[in-house]
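One structure is given here, and the rest of the page talks about it.
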Protein chains: 2
Amino acid sequence: MDIKQYIKNHGRIVQLDAGAHLFRQGELEDALYWVNQGLFKAYYLQPDGKELVKSFIAEQNMITNLSAVVGRQACTFSLVALEPAELAKVRFDTLFEHTLNDLELSRFMLDALIQLAQKKERREYEFLCLDATTRYLQLKAERPDLLRRVTQNDIARYLGITPVALSRIKHASR
Amino acid sequence: MDIKQYIKNHGRIVQLDAGAHLFRQGELEDALYWVNQGLFKAYYLQPDGKELVKSFIAEQNMITNLSAVVGRQACTFSLVALEPAELAKVRFDTLFEHTLNDLELSRFMLDALIQLAQKKERREYEFLCLDATTRYLQLKAERPDLLRRVTQNDIARYLGITPVALSRIKHASR
DNA sequence: TTCACGTTTTAACTTAGGTTAATTTCAGCC
DNA sequence: GGCTGAAATTAACCTAAGTTAAAACGTGAA
């Protein structure tokens, strides 16, 4: 069974309005979600109230808060719907148990985790090796849809700079 | 069978002098390694000759170049021994095949990948949310051994700053 | 249409970190 | 003990990005 199939069989449908939170930093969470529809923003809230964007998650992707779900700790980030959304929700533990008896499912989990690790490695590379201007131009080239669906403020906080700085970069690179 | 056991059974021992490369950016690579002894530096070489440190890998850890090994692409980074080292080497493909028939092995792969993803997520957080001084102080608190085994130049390039900047930070935070 | 409010831009000033180069420190070696 | 070369520090100057605040722009509701 593949993951999408598994979630279809075992999952509960969740509907969210734009602006609604799926979970918040500090809460406990044990679920893994599959996004059927909508766009989400994962973000860290700093003690001083500043917000930094960890990632954007669109349709046909998984969402989970790894440390919360694996380590049974408080969520390290918050997750908010930027558009009206529909997801399927399953308990991570139950899914993980099923991988114990189902080699195919286990394989799909492996694939998903490899993909996740590669994505994170990519982002690590960008922060370590590229300057803000290059990160912006790359994002613009590779996810032009995002720039349309998301405010420039959020794009800036995803790139690790302030909205003011992003506005300047856009101006300079025109 | 767990991964260490698997590698012990199927792996080939590799010895390296300090300064020797395990693989280089741009080469093809199909192996996964287990570090028995030594310390490694994974680094990106920029077109302008600048070097940025992706990670340090010490004893009792796995090493692999995910994109190279999974996507059959050129290595995205180089891997060099900072100390005389001994590793066990297995083909990634073969291991991955074995996970198809061995649930326990599959589980151990899952655990390893979850850990990897969590590590990467952690580093992403540090680049996104913390300034260089905080990143340095945190590294110093959490991996004091590293600061002893690695030159300050390499620590700086791991933190994403120049050696000059790190020296300044040390001076200021004393 | 207009108002209100959030988003984006612009400007002026500050700060962290980069760059280059000179100097000091230190470890290994003769 | 003195020499060598790498590593680390220091200094002077430069640039990217942060901060604060004001102005301009857009969009949706009344």
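The values are calculated or read from the model by the stated rules, or taken from the named source; none is laboratory data. If you're wondering where the values come from, they're calculated on a predicted model, not measured in any experiment. We place every Cβ from the backbone using ideal geometry, glycine too, and count neighbours over all the protein chains shown. Surface areas here come from the heavy atoms of the whole protein model, side chains and all, with no ligands, DNA or RNA. Shrake-Rupley method; radii C 1.70, N 1.55, O 1.52, S 1.80 Å.
Would you be able to say whether some residue in the range A:107-115 is farther than 22 Å from A:Arg148 by Cα, open to solvent by less than 10 Å² (accessible area, probe 1.4 Å), in a helix (DSSP H, G or I) and among the small types (Gly, Ala, Ser)?
Checked the range A:107-115: no residue is farther than 22 Å from A:Arg148 by Cα, open to solvent by less than 10 Å² (accessible area, probe 1.4 Å), in a helix (DSSP H, G or I) and among the small types (Gly, Ala, Ser).
Please find, among A:Gly49, A:Gly38, the residue that is open to solvent by less than 10 Å² (accessible area, probe 1.4 Å) and of a type outside the set (Asp, Glu).
After ruling out the rest, the residue left standing is A:Gly38.
Tally time: how many residues in the range A:109-145 are in contact with a strand residue (DSSP E or B) (Cβ under 7 Å, 6 or more places away or on another chain) and within 13 Å of DNA strand D (Cβ to nearest atom)?
1
Here is a list: A:Ser106, A:Ser67. Which entry is within 30 Å of B:Asn101 (Cα to Cα), without any contact (Cβ under 8 Å) to a residue 60 or more places away in the chain, in contact with a Cys (Cβ under 9 Å, 6 or more places away or on another chain) and at the interface with chain B (Cβ under 8 Å from one of its Cβ atoms)? Working first, answer last.
Details: A:Ser106 fails: in contact with a Cys (Cβ under 9 Å, 6 or more places away or on another chain).
Just one listed residue meets the conditions, A:Ser67.
Which is open to solvent by 60 Å² or more (accessible area, probe 1.4 Å), part of a loop (DSSP other than H, G, I, E, B) and within 16 Å of DNA strand C (Cβ to nearest atom), of B:Arg174, B:Arg148, B:Arg157, B:Arg168?
B:Arg174
Scan the range A:134-142 and give yes if some residue there is within 11 Å of DNA strand C (Cβ to nearest atom), assigned to a helix (DSSP H, G or I), aliphatic (A, V, I, L, M) and modelled with pLDDT of 95 or more, otherwise no.
No; the residues of the range A:134-142 include none that is within 11 Å of DNA strand C (Cβ to nearest atom), assigned to a helix (DSSP H, G or I), aliphatic (A, V, I, L, M) and modelled with pLDDT of 95 or more.
Across the range B:91-128, what is the number of residues that are of a type in the set (Ser, Thr, Tyr) and outside the structural domain of B:Asn65 (by TED's automatic domain parsing)? Give the derivation first.
Within the range B:91-128, the first condition is being of a type in the set (Ser, Thr, Tyr), and the residues that meet it are B:94, B:99, B:106, B:125.
Still in the list and also outside the structural domain of B:Asn65 (by TED's automatic domain parsing): B:125.
Of the residues in the range B:91-128, 1 are of a type in the set (Ser, Thr, Tyr) and outside the structural domain of B:Asn65 (by TED's automatic domain parsing).
Would you check if B:Asp30 is of a type in the set (D, E, K, R), open to solvent by 50 Å² or more (accessible area, probe 1.4 Å) and touching a helix residue (DSSP H, G or I) at 6+ places or on another chain (Cβ under 8 Å)?
Judged against the criteria, B:Asp30 is a match.
Can you say whether B:Val35 is in contact with an Asp or Glu (Cβ under 9 Å, 6 or more places away or on another chain) and either within 15 Å of B:Gly11 (Cβ to Cβ) or without any contact (Cβ under 8 Å) to a residue 40 or more places away in the chain (or both), as far as the supplied structure shows?
Here the answer is yes, as B:Val35 does meet what is asked.
Of all residues in the range A:114-155, which are under 16 Å from the mean Cα position of the chain (by Cα), within 12 Å of chain B (Cβ to nearest Cβ) and of a type outside the set (D, E, K, R)?
A:Ile114, A:Gln115, A:Leu116, A:Ala117, A:Gln118, listed by residue number.
Any idea which of B:Gln118, B:Gln60 is closer than 24 Å to B:Leu147 by Cα, open to solvent by 40 Å² or more (accessible area, probe 1.4 Å) and free of Cβ contacts under 8 Å to residues at least 12 places away in the same chain?
Exactly one of B:Gln118, B:Gln60 is closer than 24 Å to B:Leu147 by Cα, open to solvent by 40 Å² or more (accessible area, probe 1.4 Å) and free of Cβ contacts under 8 Å to residues at least 12 places away in the same chain, namely B:Gln118.
Please tell me if B:Leu100 is more than 16 Å from DNA strand D (Cβ to nearest atom) and either of a type in the set (Val, Ile, Thr) or in contact with a helix residue (DSSP H, G or I) (Cβ under 6 Å, 6 or more places away or on another chain) (or both).
In short, no.
Considering every residue within the range B:84-104, establish whether at least one is of a type in the set (Val, Ile, Thr) and farther than 25 Å from A:Val70 by Cβ.
Within the range B:84-104 (the criterion being of a type in the set (Val, Ile, Thr) and farther than 25 Å from A:Val70 by Cβ), the answer is yes, since at least one residue qualifies.
Taking into account only those residues within the range B:71-101 that are over 22 Å from A:Glu121 (Cα atoms) and at the interface with chain A (Cβ under 9 Å from one of its Cβ atoms), which is most open to solvent (accessible area, probe 1.4 Å)?
Step by step, filter the range B:71-101, then rank; the result is B:Asn101.
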